[in-house]
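Notes follow once the structure below has been shown.
Every read-out reported here was derived from the displayed coordinates using simple, explicitly stated rules and does not represent laboratory data. This structure is a prediction, so every number in the text was calculated from the model and none was measured. When we count neighbours, we look across all protein chains shown, and the Cβ atoms used for this are built from the backbone with ideal geometry, even at glycine.
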Amino acid sequence: MLSAEALSALALSLKVAALAMAVALPLALTAGYGLARWRFPGKGLVTVLVYLPLVLPPVVTGYLLLIIFGPNGAIGRWLEQSLGLVLAFRWTGAALAAGVMAFPLLVRPIALAFAAVDKRLEDAAGTLGAKPGIVFFTLTLPLAAPGIFAGVALGFAKALGEFGATITFAANIPGETRTLALAVHTALQRPDGDMLAIGLSLIALSVGALAVGLSEFAASRIRGDRRA
Amino acid sequence: MTAVLEVDVQHRAGGFALDVGASAGDGVTALFGRSGAGKSTLVGMIAGLVKPATGRIVLNDRVLFDSKNGINLPAPQRRVGVVFQEARLFPHLSVRRNLLYGQWAGGRRDAPDLGAVCSLLGLDAILERSPDTLSGGEAQRVAIGRALLSAPDILLLDEPLSQLDGARRADILPWLDRLAHEAGTPIVYVSHAFDEITRLADNLIVISDGGVLASGPVEEVISRIDLGPATGRHEAGSLLRGEIIGHDETYGLTRLSLDGANLTVPAIAAPAGTAVRLRIRARDVALALEPPAKISVRNIIPVTIAEIALEEGPFAEVLTKIGEQNLRVRITRRSAEELGLAPGAHAYALIKSVAIVRRALARS
């Protein structure tokens, strides 16, 4: 039913989104916890940076990534020279673009979930002998888990369908960076591409609906579970 | 009394000043004070959740806090168990996992046996339940068990019954009674409910306006007549220790001996020789200069007047002695004047009703 081209685009999208989430999640956990719990100078600036990709034109985000992580970018050149890692125009670069674009959607529910964890429970855990790190992993993290799932579902869906930043930073290379959204775009450029575009769009639609549904379900668990 | 816990702290937060010097020994030490007197702040300081401005806190010769030497042990290292007003059970863990938290997450390996604590607090039937299915009283019992199972050197109970309604409170009091007598861990019991304190406590510390107003054995402090404003008049009374000397099966009565004086009370289901603790409210006692005849009151006990406090209103508070024990009496100012009561005078206390607050089981 699905053409090899469509399957390849779907498989690539899943790979890109998975890598994006794997790298972004630890950062999002740190950012979400920090924004919810810590007070530090420059917190406003960090908040702006975290949520900026949500409102910036994706093509601008992609262009900024190119400036920073491209072959001539400060970090890009360093990565290539010291680690031999090239991001621009590679699938890993597509993952970077997708991860940056998905980051705000990932952080928001996580920050809300951490903020909703009752600190008095953590105090109680402390009096029972548990050190702060142990309290985080036995109490705070499990209690915030629904919010983390919600963030991952949303972020994964966003990463799967990212277009603007990806095409700008990683280009549209078949089999390397032509993800689902880029494949739809390419199909629409072709006179006979309608059926392919419809098929790909249906895939994107179902994956997106599933992710939002899962995210909402997880979010409802945050509200329902909170009890001191 | 050997002090287990010694506290000397000064603190100021938002127009509220706290300056408390107190100590607690074995058994149950009640910390009494009206709402806002600083009791919970004090609990937080002992537990390591609130940092005092200055002072020193020592538990079993371990310095928990010392502002002079910059010592402030973090909560996990203090070994101070706390039961908060709300149970604060961990909602994602079963009752069993909650109870054992101090062991698997807190690394407290020397904890008492789970089975022993469960039977002490009646938790066997609810071990696999989720905290959100528990009643308020059950949740509080789990919280007590969880604190006990973290092998604390001292247990702080911060108004553990204040969130429960009357029936639930009555349910849990007997468990607390057992805890006080059988757990072996020293307990600081924070409360503003007199019935709980008289039933559970051995020693009493009265906190008022951020400072210690009085402290000592509960019988002594409760009968002190200068504490009226802090403890409340209506409930004012005395705690006395007595011993069962016999029963009158025909009439359903029990005879007690209080330092040689005899007292008859409604039957207590305990054998002769059992030590009991009685609560006698000041307003249930009358005074006479001669033993009255032909009177329904059974208990006519010779006393010595120790102290008289005449008040602004119509009442006078009289502190009398039965042997070494204090009996507080509330009469009208007019009666006090007409009888010509004065310290050192002999009189007879007519005691109408007596509440048995506790059978002193292990101690006394």
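Quick notes on this one:
- Kirkwood hydrodynamic radius of chain B, from the reciprocal of the average inverse Cα-Cα distance over all distinct pairs: 22.2 Å.
- Using the Cβ-Cβ distance between A:ALA22 and B:GLU220 with R0 set to 56 Å, the FRET efficiency from 1/(1 + (r/R0)^6) comes to roughly 0.25.
- Linear extension gain, A:ILE75 paired with A:SER3, 0.36 nm per residue minus alpha-carbon span: 22.1 nm
- Working note: Karplus 6.51/-1.76/1.60 with θ = phi - 60° gives segment B:18-24 the couplings 10, 9, 10, x, 7, 9, 10 Hz, where Gly and Pro are set to x.
- Residue order, fewest to most surrounding Cβ atoms within 10 angstrom, among B:ASP124, B:ASP202, B:ASP153: B:ASP124, B:ASP153, B:ASP202
- Cβ-defined net charge surrounding A:THR92, 13 Å radius [Lys, Arg +1; Asp, Glu -1]: 0
- Stretched out straight at 0.36 nm per residue, the stretch from B:HIS92 to B:SER119 would grow longer than its current Cα-Cα span by 7.3 nm.
- Summed side-chain charge close to B:HIS11 - residues other than B:HIS11 whose Cβ falls under 10 Å, Lys, Arg +1, Asp, Glu -1: +1
- Under 5 Å, built H, 5+ apart or other chain: amide partners of B:VAL276: B:GLY242, B:GLU243, B:ILE244, B:ALA360
- Each residue, A:LEU14 and B:ARG12, gets one label point 7 Å from its Cα in the Cβ direction; the gap between the two is 6.6 nm.
- Mean-position separation - Cα centroids, segment B:185-212 and segment B:37-72, in angstrom: 19 Å
- Global size of segment B:237-359: 14.6, 46 Å for Rg and Dmax (C-alpha atoms, Rg to one decimal, Dmax whole).
- Rel. contact order, % - alpha carbon contacts under 8 angstrom, at least six apart, segment B:264-364: 42 percent
- Helices that extend 30 Å or more along their long axis by alpha-carbon positions and average at least 0.0 on the Kyte-Doolittle scale are, among the DSSP H runs of chain A, A:4-37, A:91-116, A:194-225.
- Mean ellipticity per residue at 222 nm, deg cm²/dmol - from DSSP H runs of n ≥ 4 across chain B, formula -39500 (n - 2.57): -6000 deg cm²/dmol
- Look at the alpha carbon pairs under 8 Å that are at least 6 residues apart: their mean separation over the length of chain B gives a relative contact order of 15 percent.
- Proximal lysines relative to B:LYS352, as straight alpha-carbon distance under 21 Å, when same-chain residues fewer than 8 apart are discounted: B:LYS294, B:LYS321
- The C-alpha atoms of chain B define a longest principal axis, and helix B:136-148 lies at about 70 degrees to it.
- Counting 0.36 nm for each residue step from A:VAL59 to A:THR30 and taking away their Cα separation leaves a gain of 7.8 nm.
- Cubic angstrom per residue, convex hull over Cα atoms of segment A:4-225: 136 Å³
- Interchain or long-range residues, amide H under 5 Å from B:LEU213's placed H: B:VAL206, B:ILE207, B:SER208
- Here A:ASP192 and A:PHE137 are evaluated by their C-beta separation; at R0 = 41 Å the FRET efficiency comes out at 0.15.
- Nearby lysines by direct alpha-carbon distance to A:LYS131 (threshold 27 angstrom, same-chain neighbours under 8 apart not counted): A:LYS43, A:LYS119, B:LYS39, B:LYS51, B:LYS68
- Legend: mean number of C-beta atoms from other chains within 10 angstrom of residue C-beta atoms, peptide B:84-92, equals 6.
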